[in-house]
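Comments concern the structure below.
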Amino acid sequence: MINAGIIGSTGYAGSELARLLLNHPQVNVVSLCSKSYAGKMYKNVYPNMSVTDLICEADDMEALADKCDVIFLALPHGEASKRVTEDILKKCKIIDLGADFRLQDLDVYESWYCEHYSKDILKEAIYGLCEINRDKIKGRRIVGNPGCYTTCSILSLYPLVKEDIIDENTIIVDAKSGVSGAGRGLSLGNLYCEVNESVKAYKIASHRHTPEIEEQLSYACGRSVAISFTPHLIPMNRGILATCYASLKKDVDYDGLRAIYEKYYGKEYFIRILDKGVFPETRWVKNSNYFDVGFTVDKRTNRVVVIGAIDNLFKGAAGQAVQNMNILFGFDEKEGIGYIPPFPV
């Protein structure tokens with residue numbers, strides 16, 4: 001058994017993480033921290049959590065590090081880099097669900113986000129996209145858990161970029177997300193009457209997941225990648241569907257594409273390559289750690305179309321964080337997250 005604590009436990013990602021860890025057979029949850037709800041019983045914040053009598057605590061990173069083997073940070077960008085220090089990392093491992101330890105290029109991070117306060121630690125962080133960086137995650141002290149749009153987009157495109165099948169500078173990602181992706185904070189644009197019966201694009205050509213996708217795809221092909229990424233808000237609670245387009249550099253048919261995806265993902269438990277002519281739907285992955293992918297060749301335009309789907313709170317946040325924890329501590333990677341998604345939902 002390991003001891004775990006969560007800082008930022010009352011946001012949507014934090015509560016999903018609490019739910020998974022409280023059910024994990026190898027984890028003892030010792031602390032659920034929340035600045036907004038300190039002193040309140042966690043089950044009174046989330047009545048579905050009536051299995052625990054833990055009380056929300058004001059976070060004390062030093063004290064928490066003394067009693068935890070791993071601390072999960074589910075905080076706004078800029079906060080984690082202020083709190084993670086070398087002394088903390090000597091005591092426990094850190095899995096950051098925010099953006100602070102995802103990007104290795106400091107200038108890119110600071111141009112898209114804010115000042116980084118742990119510059120000396122950043123170089124030690126590993127990008128925790130498990131199916132791609134599994135061997136690099138083992139033995140690390142700090143993991144930058146990928147974003148939700150990025151998880152779906154990178155996994156959709158990685159095999160094609162890695163095999164140099166597509167022109168990496170023609171990539172277009174058109175992605176849709178459920179409203180939970182915007183967080184639990186109050187915002188006019190996320191109110192029911194503002195979202196229901198409507199679909200809207202937002203942060204056009206300026207979404208902060210763009211450089212994260214570009215950096216990881218650049219590592220894959222060994223060249224600088226620039227993409228067009230447009231996110232959309234869909235009136236549903238959770239789920240992400242990413243439709244990705246790119247021009248082909250080589251003559252390849254469906255069977256050729258299938259062989260490429262099988263090469264990289266054929267043995268992955270959490271990646272399901274769908275049958276020919278079958279394309280992902282968010283309801284098939286909801287409440288699960290699965291990533292579904294389908295693809296086809298558009299011969300008329302010489303483009304490939306790849307469609308990926310995940311649950312933004314699960315594989316796009318909390319589930320992947322637990323998957324990273326399992327890798328760090330040598331547990332079965334499926335432990336606590338390996339169940340089949342429910343249907344209907």
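Each value in this text was obtained by applying a stated rule to the coordinates, not by laboratory testing. Everything numeric here is computed off the predicted structure, so don't read it as measured data. Neighbour counts run over all protein chains shown; Cβ positions are idealised from the backbone, glycine included.
Can you give me the relative contact order of the chain as a percent, contacts being Cα pairs under 8 Å and 6 or more apart?
17
Could you list Tyr339, Tyr113 in order of exposure, starting from the residue whose Cβ has the fewest other Cβ atoms within 10 Å? It would help to have the intermediate numbers written out before the result.
Details: Tyr339 12, Tyr113 19.
Neighbour counts put them in this order, fewest first: Tyr339, Tyr113.
Provide the packing ranking of 316-324, 292-300, i.e. peptides ordered by the mean count of other C-beta atoms within 10 Å per residue, highest first.
316-324, 292-300
Using θ = phi - 60° and the Karplus form 6.51 cos²θ - 1.76 cosθ + 1.60, what ³J(HN,Hα) does each residue of the stretch 88-102 get, whole Hz, x for Gly and Pro?
With coefficients 6.51, -1.76 and 1.60, one gets 5, 5, 6, 9, 7, 8, 10, 10, 9, 7, x, 8, 5, 10, 8 Hz.
GNM, the chain, Cα, under 10 Å: largest mean-square fluctuation among Leu191, Leu155, Leu20?
Looking only at Leu191, Leu155, Leu20, the biggest GNM fluctuation is shown by Leu191.
From a point 7 Å beyond the Cα of Glu110 in the direction of its Cβ, which residues of the stretch 73-101 have a backbone N at a distance under 15 Å?
Residues 78, 81-82 qualify, since their backbone N sits under 15 Å from the label point.
Can you list the HN-Hα couplings for the stretch 156-161, worked out from phi with the Karplus curve (6.51, -1.76, 1.60; θ = phi - 60°), rounded to whole Hz and with x for Gly and Pro?
Running phi through 6.51 cos²θ - 1.76 cosθ + 1.60 with θ = phi - 60° gives 5, 9, 3, x, 6, 5 Hz.
As I understand it, the value is the acute angle between the Cα axis of helix 210-221 and the longest principal axis of the Cα atoms of the chain; what does it come to in degrees, rounded to 10?
60
Could you state the angle between the C-alpha long axis of helix 254-265 and the longest principal axis of the C-alpha atoms of the chain, as a value from 0 to 90 degrees rounded to the nearest 10?
Roughly 20 degrees, rounded to the nearest 10.
Taking the chain as a Gaussian network, Cα atoms linked when under 10 Å apart, which of Ala246, Ala259, Ala309 shows the biggest mean-square fluctuation?
Ala259
List the residues, sorted by chain then number, that are 5 or more residues from Val29 or on another chain and whose placed amide H is less than 5 Å from its amide H.
Hits under the 5 Å cutoff: Ala4.
What order do you get for Phe270, Phe329 when you list them from fewest to most C-beta neighbours inside 10 Å?
Listing Phe270, Phe329 from fewest to most nearby Cβ atoms yields Phe329, Phe270.
Which whole-number percent gives the relative contact order of the stretch 149-310, counting Cα pairs below 8 Å spaced six or more residues apart?
So the answer I get is 30 percent.
Under a 10 Å cutoff between Cα atoms, tell me which one of Pro146, Pro47, Pro76 has the largest fluctuation in the Gaussian network model of the chain.
Pro47
Measuring from centroid to centroid over Cα atoms, what is the spacing of the stretch 277-305 and the stretch 1-58 in Å?
If we compute the Cα centre of each part, the gap is 34 Å.
Calculate how many DSSP beta bridges within the chain are antiparallel, expressed in % of all such bridges and rounded to the nearest 5.
45
Explain nothing, just compute: Karplus ³J(HN,Hα) = 6.51 cos²θ - 1.76 cosθ + 1.60, θ = phi - 60°, for every residue of the stretch 112-128 in order, whole Hz, x for Gly and Pro.
Each residue's phi maps through the Karplus curve to give 9, 10, 7, 4, 9, 9, 10, 4, 6, 8, 3, 5, 7, 5, 10, 6, x Hz.
Kirkwood Rh, Cα Rg: Rg to Rh for the stretch 2-124? Intermediate values should be presented prior to the final figure.
Details: Rg = 14.7 Å, Rh = 14.9 Å.
Here Rg/Rh amounts to 0.99.
Please arrange His24, His77, His209 by counting, for each residue, the other beta carbons lying within 10 Å of its beta carbon, fewest first.
In increasing order of surrounding Cβ atoms, one gets His77, His24, His209.
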